[in-house]
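Input: a single structure, listed below in structure tokens.
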Amino acid sequence: MPAKGCDTVSHNCLMLEHGTRLGAYEIIGAIGAGGMGEVYRALDTRLGRTVAVKVLKNHSERFEIEARSIAALNHPHICTLYDVGPGYMVMEYLEGQPIRGPLAPERVIELALQIASALEEAHDKGIVHRDLKPDNILLTASGVKVLDFGLAKQFNLDPDATSTRTGFIVGTLAYMSPEQAQGLPVDRRTDIFSFGLVLYETLTGHRATPGESLREAAPHIPESLARVVARCVHREPADRFQSMAEVARALRASLGDGHAEPSVAVLPFTNLSADIENEYFSDGLAEEIINSLTRIPGLKVTARTSAFAFKGRSEDVRQISLALGVAHVLEGSVRKAGNRVRIMAQLVSASDGLQVWADRYDREMNDIFAIQDEISERVVAALEMKLVGSRAPRAARRHNASVDAYQAYLEAQHHGNKRTAAGFALARQAFERAIQIDPEYALPHAGLAEMYCQLALFAVKPRLILPQALAEAEKALTLDVECAEAYEARGFIRGAFEYNWAAAGDDFARSLEINPSRGVGHFRRSNWSLVQTRRFTEAHEEMQRAVALDPLSPVVRIGDVVLNSLIGHQERALRGARTNLQLFPSIWVNCWLAAITLNASGFVDEALAAVERTLAADPGNPFLLATQALMLGERGEAAGARALIDKVEQAAAARYVSPYVLALAYSGVQDIDRVFRYLEQSVDECDPWPFVLFGDLKLTRLWGSDEFRSDPRRAALLGRMNLR
């Protein structure tokens with residue numbers, strides 16, 4: 001039987017029968033209906049995929065508003081719009097159920113953060129949903145999906161000015177904000193109100209009742225989470241959270257309360273020793289306590305990079321806890337003299353700044369491992385009432401290295417964390433000294449593998465150093481099969497440099513199974529495995545875990561920017577790039593990638609100014625010089641661009657410079673042959689940077705052109721990198 005057709009959808013085409021055709025879409029059956037129309041399951045006859053087709057009762061201006069609103073959004077937790085036809089739109093077909101309660105507070109927070117990120121995406125583009133409710137939030141196998149922006153409306157990004165017409169009431173009454181119900185202007189804060197009602201219902205299993213508090217309805221709900229909900233649903237918009245970003249921060253902070261996941265940040269211990277060189281020991285002690293605490297099930301521990309961002313600063317503990325999203329902070333001091341050490345440690349509650357526990361340890365250096373275990377155990381004991389279930393198991397020490405080998409390892413970590421040529425040289429000496437003292441000690445081998453990977457990223461031809469890196473990682477694993485750092489280093493080698501994305505994913509997964517609190521581990525799994533295997537939703541979620549665990553890590557934050565660019569979240573990428581330039585003005589890698597992101601989106605002057613500021617402090621940096629050449633070339637200043645390219649070529653003749661950098665520079669002057677020549681050389685040398693060529697990230701005007709993207713040399717490069 002031939003399919004029935006509808007060229008234009010009207011009221012007469014509602015209640016469509018099986019086999020009806022709307023353009024290229026063949027109706028299979030009805031999914032559901034609402035006041036504005038019906039939704040059908042359909043087959044896209046061109047691509048052979050199942051889709052959802054939404055048809056309105058009347059083809060109106062509001063239909064066009066919905067289409068434009070959804071088309072502007074691209075987010076893993078927002079239903080994707082595929083196509084628009086006369087009177088209908090074609091969307092991602094999703095299998096799942098509307099979100100329903102009651103759910104455990106931990107699960108509610110997990111889902112709420114996904115909803116918050118979706119709404120933040122919409123709000124950043126000036127779109128308010130206006131009909132947020134459980135029926136419009138679908139729980140799928142990959143997380144939540146926010147549906148039905150059919151009542152979405154553009155609003156002024158200034159929260160004190162709105163553009164919604166007064167007197168025109170739309171939405172679902174039970175979830176409306178007071179201003180929406182009165183037909184007053186609305187902005188992002190009306191969605192925050194509805195979001196609070198959704199949280200209430202998901203936590204309790206029933207709608208909010210006037211005059212009833214969340215704690216009365218569900219006494220088991222943590223107080224901090226109840227405060228988040230109460231602030232969301234405040235009658236006055238000015239007294240609510242003012243953005244979904246604020247809501248998300250408060251939700252993460254609430255994870256440390258009640259039955260939610262307890263959390264702690266270990267700040268670098270203050271060195272009170274007469275010898276300032278003993279600072280490596282005080283830093284290392286804090287880092288080892290971090291590693292010990294990460295082995296406690298159910299305890300969220302902020303990663304080292306973010307915790308150590310507060311070193312030497314005088315912020316109040318409550319400010320620190322808010323920035324890191326934790327409920328407790330562990331701080332202390334170390335005084336080392338000869339073979340004696342005095343350690344002071346205290347655990348502080350972020351909610352009130354009060355001391356939860358404190359102790360002093362006067363011991364011989366030979367007792368250092370026992371001290372670390374004792375501090376970890378005391379922290380767990382202090383938090384025990386907040387841990388789910390029975391007493392957490394004792395924190396296990398992963399090695400029995402001699403004290404001298406351990407001190408050499410701490411010294412190596414201290415120098416290596418500086419990420420400078422001199423620091424790496426000193427780190428290598430100290431790692432090798434630790435191995436010489438104790439040949440069975442796994443961590444120095446893992447440390448050497450990581451250091452070689454860092455050198456291969458920027459300073460040494462990868463092919464020359466990767467065999468050493470791989471040998472050290474595998475040696476560490478023969479000594480300690482539970483060494484998370486070694487699995488992570490080997491995964492980095494397999495993914496970033498060998499282009500073996502699946503094997504890299506296995507190593508990263510094993511590393512995170514052993515130590516799930518390594519923020520950089522989640523970042524690497526996202527950046528060097530999930531993205532390349534096109535598991536973009538998982539990659540985004542993994543990157544969010546990295547940001548939550550390590551919110552002040554320059555590497556994690558710039559990785560988040562690059563990922564958002566790759567998957568089309570340009571507004572988020574731009575916001576992240578600008579934030580990174582403010583947070584890390586002296587870290588050239590962040591400046592480089594942030595500037596490229598800004599330039600690719602058309603903010604050339606802003607990007608160029610950022611590069612010039614950083615170049616003033618690092619005038620010979622080839623990455624920055626090449627980026628400056630790119631920008632000048634794209635502005636039409638070919639002579640200036642070529643002069644800078646000459647400088648990069650001279651630098652490359654004197655020392656190793658990634659060929660990718662030259663490819664970037666030559667793209668600014670549209671020299672496509674040289675671009676491909678250097679990209680091919682880059683892949684020959686196992687350079688990790690060209691992987692971005694496979695995605696939709698158009699770093700330069702040339703790379704975004706049809707000429708470049710259809711060139712068979714690009715396809716060949718993708719094949720060599722296992723990115724077809």
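Worth pointing out:
- Boolean, Asn527 is under 20 Å from Pro297 (Cα atoms) and either modelled with pLDDT under 95 or among the basic types (Lys, Arg) (or both): no
- Residue tally, condition surrounded by 16 or more Cβ atoms within 10 Å (Cβ to Cβ) and in a helix (DSSP H, G or I), over the stretch 356-366: 1
- Extreme residue, modelled with the highest pLDDT, among residues of the stretch 23-70 that are under 30 Å from Leu173 (Cα atoms) and part of a loop (DSSP other than H, G, I, E, B): Lys57
- Yes/no for Arg575 being surrounded by 24 or more Cβ atoms within 10 Å (Cβ to Cβ), of a type in the set (Lys, Arg) and either in contact (Cβ under 8 Å) with a residue 40 or more places away in the chain or touching a Cys at 6+ places or on another chain (Cβ under 6 Å) (or both): no
- The residue that is modelled with the lowest pLDDT, among those in the stretch 416-439 that are among the charged types (D, E, K, R) and surrounded by 14 or more Cβ atoms within 10 Å (Cβ to Cβ), is Arg419.
- Answer residue from the stretch 262-283, given it is within 19 Å of Val326 (Cβ to Cβ) and at pLDDT 85 or above and is surrounded by the most Cβ atoms within 10 Å (Cβ to Cβ) among those: Val266
- If you go through the stretch 221-236 and pick out every residue that is in a helix (DSSP H, G or I) and either free of Cβ contacts under 8 Å to residues at least 60 places away in the same chain or of a type in the set (Phe, Trp, Tyr) (or both), you end up with 8.
Yes/no per residue for (1) surrounded by 17 or more Cβ atoms within 10 Å (Cβ to Cβ); (2) modelled with pLDDT of 95 or more; (3) among the hydroxyl-bearing types (Ser, Thr, Tyr); (4) part of a loop (DSSP other than H, G, I, E, B):
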position: Arg642; (1), (2), (3), (4): yes, yes, no, no
position: Ile645; (1), (2), (3), (4): yes, yes, no, no
position: Ala653; (1), (2), (3), (4): no, no, no, no
position: Tyr656; (1), (2), (3), (4): yes, no, yes, yes
position: Ala665; (1), (2), (3), (4): yes, no, no, no
position: Arg674; (1), (2), (3), (4): no, yes, no, no
position: Arg677; (1), (2), (3), (4): no, yes, no, no
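- All told, Val561 meets the bar of being under 23 Å from Glu121 (Cβ atoms) and among the β-branched types (Val, Ile, Thr).
- Within the stretch 312-333, none of the residues are outside any helix (DSSP H, G or I), surrounded by 16 or more Cβ atoms within 10 Å (Cβ to Cβ), of a type in the set (Asp, Glu) and modelled with pLDDT under 80.
- Test: residue in the stretch 671-690 that is more than 30 Å from Asn500 (Cβ to Cβ) and more than 28 Å from the chain's Cα centre (by Cα): yes
- For the stretch 345-358, filtering for residues that are out of contact with any Asp or Glu (no Cβ under 8 Å at 6 or more places or on another chain) and either modelled with pLDDT of 85 or more or within 17 Å of Val379 (Cβ to Cβ) (or both) leaves 8.
- Ile109 meets all of the listed conditions (1) more than 30 Å from Tyr25 (Cβ to Cβ); (2) over 26 Å from the mean Cα position of the chain (by Cα); (3) at pLDDT 85 or above but one, namely (2).
- Residue in the stretch 198-207 that is in contact with a Lys or Arg (Cβ under 7 Å, 6 or more places away or on another chain) and not hydrophobic (A, V, I, L, M, F, W, C) present: yes
The values are calculated or read from the model by the stated rules, or taken from the named source; none is laboratory data. What you are looking at is a predicted structure, and each value in this text was computed from that prediction instead of being measured. Note that each Cβ is placed from the backbone with ideal geometry, even for glycine, and that neighbours are counted across all protein chains shown.
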